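Reading through the structure tokens given below for one structure.
Bear in mind that the values in this text are calculations on the coordinates, not laboratory data. Here the structure is a predicted model, which means the values were calculated and not measured. Glycine gets a Cβ as well: all are built from the backbone with ideal geometry, and neighbour counts include every protein chain shown.
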Amino acid sequence: MDKGGADAELDERLSALRAQYGEKVSINELADIIDGILLTLHGNISQKDLEIYQEIESLVSFIRNAKNEIAALCPEEISTEHIPIATDELDAIVQATEEATGTILGAVEGIEVVASELGNAQGDKIAEKVTSIYEACNFQDITGQRISKVVNALRHIEEKVEALAGAFGEDVRAASDRNRQNKKKRESAQEITDEDLLNGPQFSDDAASQDDIDALMASFD
Amino acid sequence: MAVDMNMNILIVDDYKTMLRIIRNLLKQLGFNNIDEATDGSMALTKLREKKFDFIISDWNMEPMTGIQLLREVRADAQLKDIFFIMITAESKTENVVAAKQAGVNNYIVKPFNAATLKGKLTSVLGPF
């Protein structure tokens, strides 16, 4: 096979790139490198060279589209907002069920004392039911462990998303930041809808107390 | 031989709710001397300070797990004969096999009921 013309130039260009970037390049640099290779392809181009050219061109286009799509997804939003909110909500569930179970157990322990003071058949029946409640309260430990597994899975996803965003480089990150800013501007410019008001329960640190609500209501009078 | 209802029992779990449930169920069964620890290392400290006859431990705890506690207990000449029951949500065969190989006396899967707890205690201590 003739190693002159486009092949020789391509070899030369590839050697130069290898010298410049080494054997491994980041995804971010790949499109530029491929562009650079394409620019050197001129002169005596065969049908095979042309096919390679088209394949490489479509690869460049694919990588650019993928970068744009990832930037539009705002991957930082997933790791800085969505997943932390989800894990905080799950932690709040564990805390709330633990507190509720503690309250239930406290009440049942009181009933158990009364049952033993009765010391008759009715007392025995109550004690039996108290045992059933103790058994049922097992759920808190099991749900807590299951939720911990979900939290760990979410943290794993968060790490992968961060790695993916990092692999696509600074320009994707910058485009993603711009998209997020634009989204926030659009949201703040819009009127609050009924859907926006469906926030669900608040975390105890953020939640308004009944006194706060009363004060707010009174401020309208 | 009659079971000594005054034996010292150490329950180990990182969920306070579970400690409370197990303690209450043991009291209902008639056991009077129950102490608590929230992980394996705290349990080991207590085991080396005071004589215990029975350990009921969870598996999944930090920094020292229940299986690590079991291995430490079985490797310690002073503690190796203490009865040890694992109460855990870890129900895979490999967990049970590992616990058995480490020297567990019995194994209870969460969620459990009072009858199961009594049954496993009976299998280790004899009828009470």
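A few points about this structure:
- Note on A:136-143: average number of Cβ atoms from other chains within 10 Å of each residue's Cβ is 6.
- When the trypsin sites (Lys or Arg not before Pro) in segment B:40-128 are filtered for DSSP coil states and for at most 16 other beta-carbon atoms within 10 Å of their beta-carbon, the remaining sites are B:Lys50, B:Lys51, B:Lys80, B:Lys92.
- Against chain A, whose longest principal axis is taken from its Cα atoms, helix A:210-219 shows a tilt of about 80°.
- For the segment A:107-115, counting C-beta atoms of other chains within 10 Å of every residue's C-beta and taking the mean gives 1.
- Screening chain B for whole DSSP H helices with an alpha carbon extent of at least 18 angstrom along the helix axis and a mean Kyte-Doolittle hydropathy of at least 0.5 yields nothing.
- Cα gyration tensor category, rounded, prolate or oblate, for segment B:8-122 with a/c compared to 1.5: rounded
- Full extension of the chain between A:Ser46 and A:Arg146 yields a length gain of 29.9 nm, computed as 0.36 nm times the residue separation minus the alpha carbon distance.
- Rounded to 10°, Cα long-axis angle of helix A:169-189 versus longest principal axis of chain A: 50 degrees
- Note that the protein assembly as shown, at 25 °C in a medium of 0.890 mPa s, gets a Stokes-Einstein diffusion coefficient of 92 µm²/s from its Kirkwood radius over C-alpha pairs.
- Net charge of neighbours whose Cβ lies under 13 Å from the Cβ of A:Gly102, counting Lys and Arg as +1 and Asp and Glu as -1: -2
- Contour excess over end-to-end distance, with Cα ends at A:Lys184 and A:Phe62 and 0.36 nm allotted per residue: 41.1 nm
- Folded to 0 to 90 degrees: helix A:121-136 orientation relative to chain A principal axis, Cα: 10 degrees
- Mean projected area of the Cα convex hull of segment B:29-80, taken over all directions, amounts to 3.7 nm².
- Relative to the current alpha-carbon distance between B:Lys100 and B:Val124, full extension at 0.36 nm per residue lengthens the span by 7.3 nm.
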